[in-house]
Amino acid sequence: MAAEKTRLEEILFALENGERLGLDEARHLISQSSKLFGGKDAERFFETAQKVTLNKPDLIEFYCPPFKISNPETSDLLERISKTHAEIIYLDFSPNLSFEDILSVIRQVSKHVNVSALSPTQLMSLAKKQDCRVLELCHEISSTGISYVPGVINCAENDLSTIDEVFSVMMMLSKVSIKSSAWLPLSFSDEAKIEHLSRIREFDDRSHAITHVFFDLNTSYSDHDLMKTIAIGRLMLDFSDRLSFVDYQTDYSKTLPQKLRSKCIQLGINQIGVV
């Protein structure tokens, strides 16, 4: 235990002096959290995350109303969008729509407002239906004026092939100037969260195409687990400006008690929905 305690103190000291949290160090922090994160150790860890947060952009409310699209007609849709006064909207396309219909709707709507739509998995499915490469499809949707794609991760933590495919599509999107969010599922184990945060960091370092990192609260959790995950995320994702409880089509801001939400904001969350 003495050696583990010394290692923990060394990691916290390095973080307090502005060093980047490495993958091995993050693994150690997580592995020792249940045994050592009490009292002063926990205080130092959370205070370090709070200090990093002070150098990030201020908290903002993110407003992106969703619209279900079941047909290619846009006149009524554009009227409804105008009433929201939103700068960004999310288009949720019905599976019955053809690819040409999807392109047409995005092209018309993007003339009036920034559009988020689809997901990496949906784009892979569309490419298969169109019998074309995903990169070709990305070029096609880029020509419509789409701005953002939510980086949905909806798979088990050990489904690495699907996770890798999602990041591959996000990289293709970045090559045609379409940015994406990045998802961190809270249902992942501690070890898997660290690995996934490392993927996000590497992707953002290479592409600079992540709009925000979305904490997907898709499981039951304790306050401490959530705060610990956000703190680790803030320390690992040092180049990512926005950590978020809201994505283009999903918002957890109102599901959290105000006291817990405030603690999470202190630890690094700086984008929430309208509350």
TODO: Please turn the phi angles of region 145-161 into ³J(HN,Hα) values with the Karplus equation 6.51 cos²θ - 1.76 cosθ + 1.60 (θ = phi - 60°), one per residue in order, whole Hz, x for glycine and proline.
DONE: x, 4, 9, 9, 10, x, x, 4, 10, 10, 8, 5, 5, 8, 8, 5, 5
TODO: Determine the principal axes of the Cα atoms in region 83-208, then give the extent along each, sorted from largest to smallest and rounded to whole angstroms.
DONE: 44, 36, 27
Open item on the list: For the chain, give me the percentage of DSSP beta bridges that are antiparallel, rounded to the nearest 5 percent.
Closed with: 5
Open item on the list: One quarter of the convex hull surface, Cα atoms only: what value does that give for region 141-182 in nm²?
Closed with: 2.8
- [ ] Using only the Cα atoms of region 189-245, each taken as one equal point scatterer with no solvent, compute I(q) by the Debye sum, divide by I(0), and report log10 of the ratio at q = 0.13, 0.23 Å⁻¹.
- [x] -0.31, -0.95
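In whole percent, how big is the carbon plus sulfur part of the accessible area of the chain, probe 1.4 Å, protein atoms only?
Its accessible area is 47 percent carbon and sulfur atoms.
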TODO: For the chain, just say rounded, prolate or oblate: build the C-alpha gyration tensor, square-root its eigenvalues into a ≥ b ≥ c, call rounded for a/c under 1.5, and beyond that prolate if a/b exceeds b/c, oblate if not.
DONE: prolate
TODO: Could you provide, to the nearest whole Å², the per residue accessible area of the chain with probe 1.4 Å?
DONE: 47
- [ ] Please work out the Cα center distance from region 160-203 to region 53-109, rounded to the nearest Å.
- [x] 23
Task: Computed Kirkwood radius, in angstrom, where 1/r is averaged over Cα pairs of region 133-275 - done: 15.5
TODO: Using a 10 Å cut-off on Cβ atoms, rank the peptides 267-273, 21-27, 195-201 from the highest mean neighbour count down.
DONE: 267-273, 195-201, 21-27
Task: Residue-by-residue Karplus 3J(HN,Hα) for region 169-174, coefficients 6.51, -1.76, 1.60, Hz, glycine and proline x - done: 5, 4, 5, 4, 4, 5
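The values are calculated or read from the model by the stated rules, or taken from the named source; none is laboratory data. Note that the structure is a prediction, hence the values are computed from the model and not measured. When we count neighbours, we look across all protein chains shown, and the Cβ atoms used for this are built from the backbone with ideal geometry, even at glycine. Note: accessible area is taken over every heavy atom of the protein model, side chains too, but ligands, DNA and RNA are not part of it. Shrake-Rupley method; radii C 1.70, N 1.55, O 1.52, S 1.80 Å.
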